[in-house]
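Scroll down for the structure; my scribbles are underneath it.
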Amino acid sequence: MIGSKVERTEDKKFITGKGRYTADITLHGQSYAFFIRSPHARAKIKKVDIAKALKAPGVVSILTGEDIVKDKIGGLIAGWKIVSKDGTDMKLPAHPPLAHEQVNYVGDHVAVVIAESLEEAKNAAELVTVDYKVLKAVVNTADAMNSENIYDGIDKNLCFDWELGDKAKTDEAFSKADQIVEIKLTNNRLVPNAMEPRASIGDYNSSSDQLTLYTTSQNPHLTRLVISAFNGVHPEHKFRVVAPDVGGGFGSKIYPYAEDVVVAWAAKKIGRPVKWVCERTDSFLSDCHGRDHVTHAKLAVQKDGKVTGLHVDTIANLGGYGSLFATVTPTYLYAPLILGLYDIPTAYCNVKAVFTNTAPVDAYRGAGRPEATYLIERIMDQAARELGMDRAEFRKKNFITKFPHQQCLVHNIDSGDYNAHFNKALELADYKGFAKRKAESAAKGKLRGIGFSTYIEACGIAPSSVVMSIGAGVGLWESAEVRFNATGNISVFTGAHSHGQGHATTFAQIVSDKLGVPMENIDLVHGDTDKGPFGMGTYGSRSLAVGGSAITKACDKIIEKGKKVAAHMLEANPDEIEFKDGEFIVPNSNKKKTIGEIAFACYLPGTYGEIKSPLPEGVEPGLKETAFYDPINFSFPAGSHICEVEVDPDTGETKVVTYSCVDDFGNLINPMIVEGQVHGGLAQGIGQALYENAHYDETGQLVTASYMDYTMPRADNFPEFRIEYTCTPATSNPLGVKGCGEAGAIASPPCVMNAVIDAIGTDVSMPATSEKVWSALKNKTNSEKKVA
Amino acid sequence: MKAFNYHSASSVKEATKLASSNSAYLSGGMTMIPSMKMRLANYKDVIDVKKIKDLHGIKVTSKSVVIGAATKHADVANSKEVQKAIPSLSSLASRIGDAQVRNRGTLGGSIANNDPTACYPSACLALNAIIHTSDRKIEAEKFFKGMFETALKKGELITAVEFQIPEKSHYFKFPNPASRYAMVGVYVAKHKSGVHVAITGAQSVVYREKNMEKALNDNFSASALNGISIDTSELNSDIHASAEYRASLILSSAKKAVEHCK
Ligand SMILES: Cc1cc2nc3c(=O)[nH]c(=O)nc-3n(C[C@H](O)[C@H](O)[C@H](O)COP(=O)(O)OP(=O)(O)OC[C@H]3O[C@@H](n4cnc5c(N)ncnc54)[C@H](O)[C@@H]3O)c2cc1C
């Protein structure tokens, strides 16, 4: 099963509309919540008047920030502590689930109206008057530190001023460099746009004092932990969080949101189920956004093309508050990766994280690694151009070639073969034939360019001892339980939670191979804190590397116990028993038991007539095992991508005409699912490069708050992707897997931008919209005219 | 969406009789329903006109193509007769929105709405259309008044649009990357009486570019448009395209439209 393109068992229900999402759930006596959101980017709340609205038909309750204070409901948290270079802790503003004194972005939560129907809730919401004192908004990332302080006590709107690397050594490398290459980059802000908008339903049972929250979450256990421990809504043992089918997240559904907290709290308060379903525009306004960096970088290079140092200064926009993973994304998930695949002896990275009056920014597909890859791959291209070297040769000259490799910043890379995937990509893309294709395009009046991008990511997030030592508020292990039922089929419980990744298929493939049980007899149970063991959820391409490894470990324990039982039943020594293809065998004999027989025996022990108990003394009945897996290291997927674009110089319209990638994800469990993940990642990455942009105007209004203005790429924006692999298995987990979920989104933005810049011969920023490319070409022509 | 009374009219007469100061006709609903759901529009009475037989169908004569107001974009796109008589018109319909929109959205709804970025209004101006309503016939020149504003009076129902068949024509659309409405759309039609160049997406309302018409009347070729300067003062400017960029798109799109005329 492992390594084969098994069709996804979950697809039938999804394709035929039988998925069960949070919004599909309707509970008896359910009420409907509608959130009143701030129309201003920054304002003081003088008064919220709900008197008139309370009398409107169908209104059950209206709750405001004052009620949050009264009920001592805690604020939303940032779960990763970053320490500034001067030794002080990061600074965070309070983040109440309903704003009390101040609103900090358009879409911030001010009050919730709960009514018998959604229409009645909306009607009543129109009667709520909020008296705001509007203040000047801080919007721009680069200017945030020079603007008015948004929060008392947070000077210059600075959350932290953090650094990584050896500054003195890096300065020295620059003082000795033959050439210094500089680049200024903007990593544009993106809206995650999960197909399923967020939703949550709170349901309180006063008889059992049990609170249930149904929500669109990538990690229900973490949601329960945070809402119990920090928001203080309900104790963990009386609180169940269920995330049924989840329709995409890309990171945006990792975090418990204000709506989750409010709906859970309100359900308990009013004693009725409260349901909230986000509408698309609210989703644009209030889902956590991604990226939003401004970076100035320098590369020290020798005449022969060896890179000797890298210096990076980044300003990262956190938005209006510090979201759950917001502080680790532009620091530990970013800076260690700026070295790319290159053997760079010294580097220094300074990150200043700023607050602005925009939606909170947090981890989004790739989280930090796309920003790092964009920076190193853009500056490598720039350097090759300035040195007059072939861009492919320049990269190869600087690749790490020996493994394990301790990088100068943080990571110790266990395995890889960078020349292998780069050379394969050059062939797949037919680099040799590029000049001919460029000439053909020119004959049609089009400008053709080729772009390269190589990347490394740290996935399988990961070793608790490491992440907690650098500020994580939780460990990042994963759990699994493999439970045989008496009839021989298996329920597998995982702490990971699929939101489109196909875990039910991939994880069943692993169990099927390990235990020799057909896939149809294996069911995956996830997304419910009352069912499975505590787990850390799905993000950071970790589910297989960490969660799959926990399942593997649990299977090993099952086999171990099975051997004891089989030995007893077969009157042999446990050490001699071999397990293969679902059978326990005494070698060189015809004595064997299937794993199904063993499972049955484990559940029906005891003497029965002539038959003596199958269980040896001291062995407990039942056949189920739990395992927690905490890896020894991150895993390091890497790869090489090459694309070609055609630009219409009349209109600036840019089309990606070919896209080739060769990725090293270690071992592949299901190559079809992997290919799907690569496709999705590429779509989002090419989307970032050419189309997508969350655009706030200077007053902090989100101009791109619907699909009329936010350019979601569509299928016809992409060529047929050419996808191949190389394989160096990971050594940090028993499956040898590295993670594939984010790679496409990490590698493709610089790949496309390098191709665009190659085509037009001048710089342009993301997204390279047709107008921007047209203007860049026009400016270039004008300045060339001036020079001539 | 706020509650409203739903009526389904079976004749033009019944529809106009139901109309009041707080009512609206519902055709494909592709614009009206989203704006009601977003609470930008509320009506007491919604009068569905899709079941009115007289509002459906396509009639082609030697001089004109008459299309019922409730005819869906997909039907215009797939009509063999329209494809033969005015290929640019069926091609325009085939590029509106996506398959779902084309299978619900209608000609009447589109021109009544008069979105500044919609496609059909440019066809009306380029093809000398006459808008037939429950009360009268209106020349296209006098129909499109301003942004989302038409010559229709309260309760007046569009019944059909009569397009004049040109010698040759083409609609070139440069789509807005996000919405895929026209960021600039140029409809060029060569009639015996002269060339029409209608432009949508570029200003607050569809208009005819008289400088281009003049140049093309003298010499119907793309090169005749070289050097034509486009006044940017009235052009739309937004996050997708500045006025200068739109001006350049108007020129390049007009040239392509002329080149593709058939
Ligand atoms: C996703 C999307 C993409 C689109 N892309 C494009 C595009 O690329 N190009 C383009 O041109 N359009 C586009 N449209 C618009 C679409 O083509 C419809 O034409 C438009 O939405 C209106 O047509 P309708 O039949 O749906 O009208 P409705 O939504 O039913 O009505 C619109 C307005 O017209 C009035 N009305 C309807 N029929 C009549 C009548 N017979 N007489 C008088 N008044 C009437 C209604 O009262 C209402 O005010 C798009 C729409 C969507 C949703």
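Please treat every number below as a calculation from the coordinates, not as lab data. Given the structure is predicted, the values throughout are model-derived calculations rather than measurements. When we count neighbours, we look across all protein chains shown, and the Cβ atoms used for this are built from the backbone with ideal geometry, even at glycine.
Residues considered: A:Ala121, A:Ala142, A:Ala137, A:Ala94. Of these, the only one that is away from chain B (no Cβ under 14 Å) and surrounded by 24 or more Cβ atoms within 10 Å (Cβ to Cβ) is A:Ala137.
Yes/no matrix, rows are residues, columns are (1) more than 30 Å from A:Phe721 (Cβ to Cβ); (2) within 14 Å of another protein chain (Cβ to nearest Cβ):
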| residue | (1), (2) |
| --- | --- |
| A:Phe584 | yes, no |
| A:Tyr603 | yes, no |
| A:Gly618 | yes, no |
| A:His641 | no, no |
| A:Ala683 | no, no |
| A:His695 | no, yes |
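Comparison of B:Lys59, B:Lys53, B:Lys84 shows that the only residue that is of a type in the set (D, E, K, R) and either within 9 Å of the ligand (Cβ to nearest atom) or farther than 27 Å from B:Ala257 by Cβ (or both) is B:Lys53.
Filtered by the rule that a residue be crowded, with 23+ Cβ neighbours inside 10 Å and not polar (S, T, N, Q), the range A:97-106 gives A:Pro97, A:Leu98, A:Ala99, A:Val103, A:Tyr105, A:Val106. Selection over the range A:697-719 of residues that are more than 9 Å from chain B (Cβ to nearest Cβ), in contact with a helix residue (DSSP H, G or I) (Cβ under 9 Å, 6 or more places away or on another chain), more than 21 Å from A:Trp774 (Cα to Cα) and in a loop (DSSP other than H, G, I, E, B) gives a count of 1. Among the residues of the range B:80-95, those identified as without any contact (Cβ under 8 Å) to a residue 40 or more places away in the chain and among the hydroxyl-bearing types (Ser, Thr, Tyr) are B:Ser90, B:Ser94.
Close contacts from the range A:267-284, counting a first residue that is crowded, with 19+ Cβ neighbours inside 10 Å and a second that is part of a loop (DSSP other than H, G, I, E, B) and among the aliphatic types (A, V, I, L, M), with Cβ to Cβ under 6 Å and a gap of 6+ residues or different chains, come to A:Pro273/A:Leu27; A:Phe284/A:Val191; A:Phe284/A:Ala705.
Can you tell me which residue within the range A:735-788, out of those that are in a helix (DSSP H, G or I) and among the hydroxyl-bearing types (Ser, Thr, Tyr), is nearest to A:Ala545 (Cα to Cα)? The extreme case among them is A:Ser748.
Conditions tested, residue by residue: (1) in contact (Cβ under 8 Å) with a residue 24 or more places away in the chain; (2) touching a helix residue (DSSP H, G or I) at 6+ places or on another chain (Cβ under 7 Å); (3) crowded, with 24+ Cβ neighbours inside 10 Å.
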{"residue": "A:His293", "(1), (2), (3)": "yes, yes, yes"}
{"residue": "A:His296", "(1), (2), (3)": "yes, no, no"}
{"residue": "A:Thr308", "(1), (2), (3)": "yes, yes, no"}
{"residue": "A:Thr327", "(1), (2), (3)": "yes, no, yes"}
{"residue": "A:Asp343", "(1), (2), (3)": "yes, yes, no"}
{"residue": "A:Pro360", "(1), (2), (3)": "yes, no, yes"}
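For the range B:176-197, filtered to residues that are assigned to a strand (DSSP E or B) and either free of Cβ contacts under 8 Å to residues at least 60 places away in the same chain or farther than 24 Å from B:Lys255 by Cβ (or both), the residue that is farthest from the ligand (Cβ to nearest atom) is B:Gly194.
Scanning the range B:123-148 for residues that are within 9 Å of the ligand (Cβ to nearest atom) and buried (at least 20 other Cβ atoms within 10 Å of the Cβ) yields a total of 1. One residue alone among A:Ile201, A:Ile183, A:Ile154 is touching a Pro at 6+ places or on another chain (Cβ under 8 Å) and surrounded by fewer than 23 Cβ atoms within 10 Å (Cβ to Cβ), and that residue is A:Ile154. Comparison of B:Ala160, B:Ala118, B:Ala93, B:Ala151 shows that the only residue that is near the ligand (Cβ under 10 Å from one of its atoms) and under 23 Å from B:Ala41 (Cα atoms) is B:Ala118. Per the listing A:Phe230, A:Phe239, the residue uniquely surrounded by fewer than 21 Cβ atoms within 10 Å (Cβ to Cβ) and aromatic (Phe, Trp, Tyr) is A:Phe230. If you go through the range B:22-65 and keep only what is at negative phi and of a type in the set (Gly, Ala, Ser), you end up with B:Ser23, B:Ala24, B:Ser27, B:Gly28, B:Ser35, B:Ala41, B:Ser62, B:Ser64. Filtering the range B:34-43 to residues that are surrounded by fewer than 17 Cβ atoms within 10 Å (Cβ to Cβ) and either more than 12 Å from the ligand (Cβ to nearest atom) or touching a residue at least 24 places away in the same chain (Cβ under 8 Å) (or both) leaves B:Lys37, B:Met38, B:Arg39, B:Asn42.
The set of residues from the range A:260-292 being of a type in the set (Phe, Trp, Tyr) and over 30 Å from A:Ala372 (Cα atoms) comprises A:Trp265, A:Trp276. Is the range A:756-778 home to any residue that is under 22 Å from the mean Cα position of the chain (by Cα), within 14 Å of chain B (Cβ to nearest Cβ) and among the β-branched types (Val, Ile, Thr)? Looking for residues that are under 22 Å from the mean Cα position of the chain (by Cα), within 14 Å of chain B (Cβ to nearest Cβ) and among the β-branched types (Val, Ile, Thr), one finds none in the range A:756-778, hence no. When you check A:Glu724 against the structure, is it more than 30 Å from A:Asp630 (Cβ to Cβ) and away from every other protein chain (no Cβ under 13 Å), yes or no? Yes.
Summed over the range B:104-115, the residues that are in a loop (DSSP other than H, G, I, E, B) and within 7 Å of the ligand (Cβ to nearest atom) give a count of 3.
For the range B:138-181, a residue qualifies if it is at negative phi, within 14 Å of chain A (Cβ to nearest Cβ) and not small (Gly, Ala, Ser), and the qualifying residues are B:Phe172, B:Lys173, B:Phe174, B:Pro175, B:Asn176, B:Pro177, B:Tyr181.
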